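Trainee: Structure below; questions to follow.
Since every read-out is calculated from the coordinates, none of them should be taken as a lab result. These numbers come from a predicted model, not from an experiment. Neighbour counts run over all protein chains shown; Cβ positions are idealised from the backbone, glycine included.
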Amino acid sequence: MALALLTAGMSRWTTWRSLGQEADGFRRVSQRSARGSLDELRAVAQNFTAQSKAIFTATLAEPPSVVFAVSEDSGIDAGKALKAAIAEAGGRGGGNARIAQGSVPDAAHLEQVLAKL
């Protein structure tokens, strides 16, 4: 249900993957887009992670970038986690404990970053 609410009016984003609620009790959503707006992605991320036990990841191929957000009760510091993952891929980024974003030199590095998150 949360996924349907998040995607209303965002038909240009076509690749959503809801990983559902896993054994650890977290709800995860991962989204990949060829193009889009980081501002809109941050808004969706903040909306989704306002729920408890929520983790949101999203990538844009152009420009090659990542948004990572977590709920307050996740026990994860999004800024630190993303900064470490993106640095290994030769990119730059950061944020606060709840939401972070960054960029990499090219889209080929996006999966490497996601694997670390």
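Trainee: Per residue of the stretch 59-65, in order, report the coupling 6.51 cos²θ - 1.76 cosθ + 1.60 (Karplus, θ = phi - 60°) as ³J(HN,Hα) in whole Hz, putting x for Gly and Pro.
Mentor: 10, 10, 6, 10, x, x, 8
Trainee: Then there's this: Note down the nm distance, to one decimal, between modelled labels 7 Å out along Cα→Cβ at ALA97 and at ALA84.
Mentor: Roughly 1.6 nm, to one decimal.
Trainee: When we measure straight from the Cα of LYS116, which lysines land under 18 angstrom away, once same-chain ones fewer than 8 places off are left out?
Mentor: List returned: LYS80, LYS83.
Trainee: Based on the Cβ-Cβ distance of LYS116 and GLU72, what FRET efficiency does E = 1/(1 + (r/R0)^6) give at R0 = 25 Å, to the nearest 0.05?
Mentor: 0.70
Trainee: HN-Hα J couplings of the stretch 102-116 from phi, Karplus 6.51/-1.76/1.60, θ = phi - 60°, integer Hz, Gly and Pro as x?
Mentor: Per-residue couplings from phi come out as x, 9, 10, x, 8, 4, 4, 8, 4, 5, 4, 5, 4, 4, 7 Hz.
Trainee: Ok, one more. Within the stretch 74-117, name every residue whose backbone N is under 11 Å away from a label modeled 7 Å from Cα of SER30 along the Cβ vector.
Mentor: 111-117, by backbone N distance to the label point.
Trainee: Return the FRET efficiency for the residue pair ALA108, ALA43: r is the Cβ-Cβ distance, R0 is 22 Å, and the value is rounded to the nearest 0.05.
Mentor: E between ALA108 and ALA43, to the nearest 0.05, is 0.20.
Trainee: Can you check what the net charge comes to around GLY95, using other residues whose Cβ is under 12 Å from the Cβ of GLY95 (Lys, Arg +1; Asp, Glu -1)?
Mentor: Net of charged neighbours comes to +4.
Trainee: What is the dipole size for the stretch 27-116, taken about its Cα centre, with +1 at each Lys and Arg Cβ and -1 at each Asp and Glu Cβ, in debye to the nearest 20? Present the calculation step by step, with values, prior to reporting the outcome.
Mentor: On the way: 11 positive and 9 negative charges, 34 e Å.
Using Cβ point charges on Lys, Arg, Asp and Glu, the stretch 27-116 gives about 160 debye.
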